[in-house]
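Asker: Would you mind keeping the following structure in view while I ask a few things?
The values are calculated or read from the model by the stated rules, or taken from the named source; none is laboratory data. No experiment lies behind these values; they were computed from the predicted model shown. Every residue, glycine as well, gets a Cβ built from its backbone with ideal geometry; the counts of neighbours run over all protein chains shown. The area values use the complete protein model at the heavy-atom level, side chains included, leaving out ligands, DNA and RNA. Shrake-Rupley method; radii C 1.70, N 1.55, O 1.52, S 1.80 Å.
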Amino acid sequence: MDKLIPVVVIKNLEDTVPTLKALKEGGINCAEITFRTACAAEAIALAVKEFPDMNVGAGTVINAKQCKDALKAGAKFIVSPGLSADVAKVCKKAGVQYFPGCVTPTEIMQALELGITIVKFFPANVYGGLKALKALAAPFPQIKFIPTGGVDLTNLKEFMEFDKIYAVGGSFMMKGDIVATCKEALALL
């Protein structure tokens with residue numbers, strides 16, 4: 001998995017190819033296409049077809065139906081803002097990685113019970129950022145985190161220096177000049 005996971009919102013299907021092309025030009029080979037729009041499944045299918053070497057996944061997946069639709073479209077990983085046992089079951093059966101949002105010890109314990117050891121920490125800035133991640137890592141040494149929400153170019157390096165960070169996700173890579181922002185983010189790593 002890549003260390004940077006851009007959170008990509010595709011509102012119009014025709015934006016899919018230019019958006020993923022910009023990510024690749026910027027050195028990023030991963031995209032989490034959110035299920036917040038009507039064309040999400042089609043965008044994932046198009047992205048997988050046009051960029052077969054990219055790690056294209058689905059984000060904001062909140063139920064089993066969306067998960068099945070995303071997997072049918074070719075998503076290579078699934079991300080949720082929270083933890084869904086139903087989504088976890090669908091992913092396990094399909095052999096696809098699932099990164100559920102978990103910000104409390106209870107949610108992390110539920111993830112562990114489902115066999116999940118990498119969780120999204122969202123929104124990271126609201127739930128205490130790096131300080132909270134360090135506190136949660138102490139009782140859960142087997143867990144790795146993907147902080148998302150409030151992570152940007154100003155604090156990316158600080159997050160990535162913590163050994164319990166699996167990757168960093170965010171829409172910050174999609175703002176302004178995507179190619180330049182991605183290159184700058186990679187340079188920080």
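Asker: Residues of the range 67-82 being open to solvent by less than 30 Å² (accessible area, probe 1.4 Å) and in a helix (DSSP H, G or I), which ones?
Answerer: Once the filter is applied, which keeps residues that are open to solvent by less than 30 Å² (accessible area, probe 1.4 Å) and in a helix (DSSP H, G or I), the range 67-82 yields CYS67, ALA70, ALA73.
Asker: Of the residues VAL119, VAL96, only one is under 30 Å from LEU46 (Cα atoms), crowded, with 20+ Cβ neighbours inside 10 Å, of a type in the set (Val, Ile, Thr) and modelled with pLDDT of 95 or more; which?
Answerer: From the options VAL119, VAL96, the qualifying one is VAL119.
Asker: Go through the range 136-151 and count every residue that is of a type in the set (S, T, N, Q) and open to solvent by 20 Å² or more (accessible area, probe 1.4 Å).
Answerer: 1
Asker: Kindly indicate whether any position in the range 166-181 is among the aromatic types (Phe, Trp, Tyr), open to solvent by less than 30 Å² (accessible area, probe 1.4 Å) and out of contact with any Asp or Glu (no Cβ under 8 Å at 6 or more places or on another chain).
Answerer: Within the range 166-181 (the criterion being among the aromatic types (Phe, Trp, Tyr), open to solvent by less than 30 Å² (accessible area, probe 1.4 Å) and out of contact with any Asp or Glu (no Cβ under 8 Å at 6 or more places or on another chain)), the answer is no, since none of the residues qualifies.
Asker: If you don't mind, another one. Please name all residue pairs, on different chains or six or more residues apart, with Cβ atoms under 8 Å, provided the first residue is in the range 12-29 and is β-branched (Val, Ile, Thr) and the second residue is modelled with pLDDT of 95 or more and assigned to a loop (DSSP other than H, G, I, E, B).
Answerer: THR16/ILE10; THR19/ILE10
Asker: Could you tell me which of the residues ALA38, ALA64, ALA85, ALA45 is open to solvent by 30 Å² or more (accessible area, probe 1.4 Å), touching a Lys or Arg at 6+ places or on another chain (Cβ under 9 Å) and over 26 Å from GLY176 (Cβ atoms)?
Answerer: ALA45
Asker: Go over the candidates ILE5, ILE10 one by one and state the one that is surrounded by 15 or more Cβ atoms within 10 Å (Cβ to Cβ), assigned to a loop (DSSP other than H, G, I, E, B) and at pLDDT 95 or above.
Answerer: From the options ILE5, ILE10, the qualifying one is ILE10.
Asker: Does the range 123-130 contain any residue that is hydroxyl-bearing (Ser, Thr, Tyr) and over 13 Å from ILE5 (Cα atoms)?
Answerer: Checked against the condition, which is being hydroxyl-bearing (Ser, Thr, Tyr) and over 13 Å from ILE5 (Cα atoms), the range 123-130 yields at least one hit.
Asker: Assess whether GLY128 counts as being touching a helix residue (DSSP H, G or I) at 6+ places or on another chain (Cβ under 8 Å), surrounded by fewer than 18 Cβ atoms within 10 Å (Cβ to Cβ) and at positive phi.
Answerer: Spelling it out, GLY128 is indeed touching a helix residue (DSSP H, G or I) at 6+ places or on another chain (Cβ under 8 Å), surrounded by fewer than 18 Cβ atoms within 10 Å (Cβ to Cβ) and at positive phi.
Asker: Next question, about the same structure. Mind listing whichever residues of the range 13-35 are hydroxyl-bearing (Ser, Thr, Tyr) and open to solvent by 10 Å² or more (accessible area, probe 1.4 Å)?
Answerer: Passing the criteria: only THR19.
Asker: Okay, moving on. Would you say THR154 is more than 27 Å from GLN66 (Cβ to Cβ) and loosely packed, with under 14 Cβ neighbours inside 10 Å?
Answerer: yes
Asker: Another question, then. I need the full set of residues from the range 20-57 which are assigned to a helix (DSSP H, G or I) and among the small types (Gly, Ala, Ser), in order please.
Answerer: ALA22, ALA40, ALA41, ALA43, ALA45, ALA47 - these are the residues of the range 20-57 that are assigned to a helix (DSSP H, G or I) and among the small types (Gly, Ala, Ser).
Asker: Tell me which residues, restricted to the range 99-114, are open to solvent by 60 Å² or more (accessible area, probe 1.4 Å) and under 15 Å from ASP86 (Cβ atoms).
Answerer: Matches in the range 99-114: GLN110, GLU113.
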